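Single-structure report; data block below.
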Amino acid sequence: MAEVALLDASRFGYLKPADVARLEQAYRFSEAAHAGQTRQSGEPYISHPLAVAEILAQWRLDAQALQAALLHDVMEDTSVTKDEIADAFGRPVAELVDGLSKLDKIEFQSAEDAQAENFRKMLLAMARDVRVILIKLADRLHNMRTLDAVPPAKRRRVARETLEIYAPIANRLGLNAVYHELQELAFAHLHPLRYRVLAKAMRAARGNRRELVARIESAVKARLAEAGLAATVTSREKHLYSIYRKMVEKHLSFSEVHDIYGLRVVVKDVPSCYLALGALHALYKPVPGKFKDYIAIPKANGYQSIHTTLVGPYGVAIEVQIRTEQMHRIAESGVASHWMYKEDDASLSELQKKTHQWLQSLLEIQSRSGDSHEFLEHVKFDLFPDEVYVFTPKGRILSLPRGATAVDFAYAVHTDIGNRCVAAKVNGELVPLRTELRSGDRVEIITTGYAKPNPAWLQYVRTAKARSNIRHFLKTMQYEESAALGERLLEQALRGYGVALADIDEARWERVVRETVGRSRRELLADIGLGKQLAAVVARRLVMRADAEPKPLGRAAQIVIRGTEGMAVQLASCCRPIPGDAIVGSMKKGQGLVVHAADCRGIARSRRAEPELWIDVEWDPETTRMFPSAIRVTVANQRGVLAKVASAIAEAGSNIDSISTDEDRAVYTTMLFVLEVANRRHLARVMRALRRIPEVEKIQRLRE
């Protein structure tokens, strides 16, 4: 019975006879491999790959993709290897099957790790050949259609994964019908009660409004005919999940969702789309702010259409989509229309180009991501296509996700522009880099040669490209800074043995790198700087001889802190040390060297209990940067006193980072300042200047 379905000409008749013969061979191979296996519904397992192949046949995919669909589970569920598939069906089919195979041979710490790593492998295989994801989506679609046979806990997990990952991917690739079916099925399994209640409400509303929608449809057809436009007009209902999401996001009841029904108008060419729009706006009043022209500015997935919402009889809102026949095909089939409608070369080549660019960006993000979870996080940002359209100074249009900032725009233009941006102009006005962009904004990025990404940007950027590039830059910068600090720490430790770093020969370095499971000397130094390896232990291994234990020759020199080490050296926020303060340092794993004031009360217990974790450090007498220091100033509560205090601080050569005040008292007010100072002498000069102000009653430095 299954074999007859496979060879049904209505499904596979578009293939050549030789291709159909290869499909039959793949079917028999898969049937033999899965012999004796059943699905949880009790059906023979071969029914699943056969159903996946039939879905792909509806998209008219080529014979290689259909063979891979029939074989997509044999590597995972049977003893068949990739080489066996390559020998029988060719290397391209084997690569497709391998791209679809689960990573069941890798040991993961958790199910989330496995899911994230599997997702990364799938997307990277997709970046090499988009057919991988088309097969995967067909696989997921059939699994969702048959999810009733699965235990409830797994059903909810699969439904959530489908809603969060697979439906957005289908949308991103323009597979509109698949996107909506996956959403509806996931919603039904994830929230069955809500789904049933909404479905019942929709059936009731359909009965109440059927006549009204039919009247509007007739009026639209008549008006278009009067305008001399040949058009196909069809009515459609909003999908249940779309209604549910709108109710949740806007806190509406079902009765408050007015645009449940819509019309789709399909005309012959682009000029007719705009003529139809004018005719319909003359028939019914449009709702302000509800007009979107995706023909002039297509979505990233190739979707084109004009959207407008009209107010029909009795105040009923109805959304109208106006598009050409070619646009309608791409709207339903997206990137799959490359196989279905090969005559639309111009439009499809543009769609393929955009899809290819997105897939290549996945490879770039993968190369910069540290692990699977990070990669998954990056890509999720790009899968939800609620977009804004902004302009470069030269008039080029860029599509960004809603909520994107000037930093996202800078990275969208070029990675170097993002890395060196310092300010932005939106519509000719200077704005902060965290400013969210709106459709129609004209954005100009201001750069400097010395600028570099700020870790704070990660809190507000929205695009995966910006996020991955910022993290990559910061990791690289931290690696270099940590390696430099590690070299200084190791030099200090070796000095205690009377040995210089330059005296260590290559053979000893190779031995110690091997012992510490490092890949290179530079990596070992970076690990020391990050606190992952102890400098004293590495130094001991470097000077150790087979015949004798080395003996320290004296106290090691202190590490000099310049304040310009970057992320490898951090000044503790609990005591805010500045040059002139006695200081000590401790190595925190993954953070590097953390510097505290020697009299910091927060570290007293640790210094007594674990003295070996603390390192002698001292300030470089030639430090040039400014350091944050906090002071508390109590002043008489008089008009203009804050201006006097701020003026005195500025005249003493200091900047105010932040200021806060206690509640106003009847007589006195306490102000807390974080100032930028060069050292203790500079801070003392600032405090003396403040004491000269008559209204200042008390001033003290805050150390805790």
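So which residues in the range 218-238 are in contact (Cβ under 8 Å) with a residue 24 or more places away in the chain, touching a Leu at 6+ places or on another chain (Cβ under 9 Å) and not in a strand (DSSP E or B), if there are any at all? Hits for the range 218-238 are Ala219, Val220, Arg223, Leu224, Ala227, Leu229, Ala230, Ala231. Taking the stated definitions as given, is Ala5 part of a helix (DSSP H, G or I), at pLDDT below 85 and aliphatic (A, V, I, L, M)? So Ala5 passes the test. For Pro577, the requirement of being at pLDDT 75 or above and loosely packed, with under 15 Cβ neighbours inside 10 Å is not met.
Do we have any residue at all in the range 219-229 that's modelled with pLDDT under 90, acidic (Asp, Glu) and open to solvent by 60 Å² or more (accessible area, probe 1.4 Å)? No: zero hits.
Considering the conditions (1) touching a strand residue (DSSP E or B) at 6+ places or on another chain (Cβ under 7 Å); (2) polar (S, T, N, Q); (3) closer than 19 Å to Lys285 by Cα, Ser218 is excluded by exactly one of them, (1). Quick check on the range 587-601. Is at least one of its residues loosely packed, with under 13 Cβ neighbours inside 10 Å, more than 22 Å from Ala493 (Cβ to Cβ) and either touching a Pro at 6+ places or on another chain (Cβ under 7 Å) or modelled with pLDDT under 90 (or both)? Within the range 587-601 (the criterion being loosely packed, with under 13 Cβ neighbours inside 10 Å, more than 22 Å from Ala493 (Cβ to Cβ) and either touching a Pro at 6+ places or on another chain (Cβ under 7 Å) or modelled with pLDDT under 90 (or both)), the answer is yes, since at least one residue qualifies.
For every residue, the table says whether it meets (1) touching a strand residue (DSSP E or B) at 6+ places or on another chain (Cβ under 7 Å); (2) surrounded by 18 or more Cβ atoms within 10 Å (Cβ to Cβ); (3) farther than 30 Å from Ile297 by Cα.
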{"residue": "Arg434", "(1), (2), (3)": "yes, no, no"}
{"residue": "Leu437", "(1), (2), (3)": "yes, yes, no"}
{"residue": "Val443", "(1), (2), (3)": "yes, yes, no"}
{"residue": "Thr447", "(1), (2), (3)": "yes, no, no"}
{"residue": "Pro453", "(1), (2), (3)": "no, yes, yes"}
{"residue": "Leu458", "(1), (2), (3)": "no, no, no"}
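Just give me the residues in the range 478-501 being of a type in the set (A, V, I, L, M, F, W, C), more than 40 Å from the chain's Cα centre (by Cα) and at pLDDT 80 or above, in sequence order. Residues satisfying the conditions are Leu494, Val499, Ala500, Leu501. Determine whether Val80 is farther than 18 Å from Leu175 by Cβ, assigned to a loop (DSSP other than H, G, I, E, B) and open to solvent by less than 50 Å² (accessible area, probe 1.4 Å). For Val80, the condition - farther than 18 Å from Leu175 by Cβ, assigned to a loop (DSSP other than H, G, I, E, B) and open to solvent by less than 50 Å² (accessible area, probe 1.4 Å) - is met.
Residues that are open to solvent by less than 50 Å² (accessible area, probe 1.4 Å) and small (Gly, Ala, Ser): find the helices (runs of 4 or more DSSP H) completely inside the range 460-538 holding 1 or more of those.
Qualifying helices (runs of 4 or more DSSP H): 464-495, 521-529.
When the range 239-275 is filtered for residues that are more than 29 Å from Gln183 (Cβ to Cβ) and either touching a residue at least 40 places away in the same chain (Cβ under 8 Å) or in a loop (DSSP other than H, G, I, E, B) (or both), the ones remaining, listed by number, are Lys268, Asp269, Val270, Ser272, Leu275. Number of residues in the range 276-303 that are in a helix (DSSP H, G or I) and over 29 Å from Ile397 (Cβ atoms): the value is 2.
A single entry from Tyr244, Tyr274 fulfils the requirement of being modelled with pLDDT of 85 or more, open to solvent by 30 Å² or more (accessible area, probe 1.4 Å) and within 33 Å of the chain's Cα centre (by Cα): Tyr244. If you filter the range 77-132 down to residues that are closer than 24 Å to Asp19 by Cα and polar (S, T, N, Q), you find that the one that is modelled with the lowest pLDDT is Ser101.
Counting only residues that are of a type in the set (D, E, K, R), give me the helices (runs of 4 or more DSSP H) lying completely in the range 147-217 with at least 3 of them. Of the helices (runs of 4 or more DSSP H) lying wholly inside the range 147-217, those with at least 3 residues that are of a type in the set (D, E, K, R) span 152-161. Among the residues making up the range 148-192, a single one is under 20 Å from Val248 (Cα atoms), open to solvent by 10 Å² or more (accessible area, probe 1.4 Å), of a type in the set (A, V, I, L, M) and at pLDDT below 90: Leu163.
The values are calculated or read from the model by the stated rules, or taken from the named source; none is laboratory data. As the structure is a computational prediction, the values presented were derived from the model and not from experiment. Cβ: placed from backbone, ideal geometry, glycine included. Neighbour counts: every protein chain shown. Please note that ligands, DNA and RNA were not included when accessible areas were found on the heavy atoms of the full protein model with its side chains. Shrake-Rupley method; radii C 1.70, N 1.55, O 1.52, S 1.80 Å.
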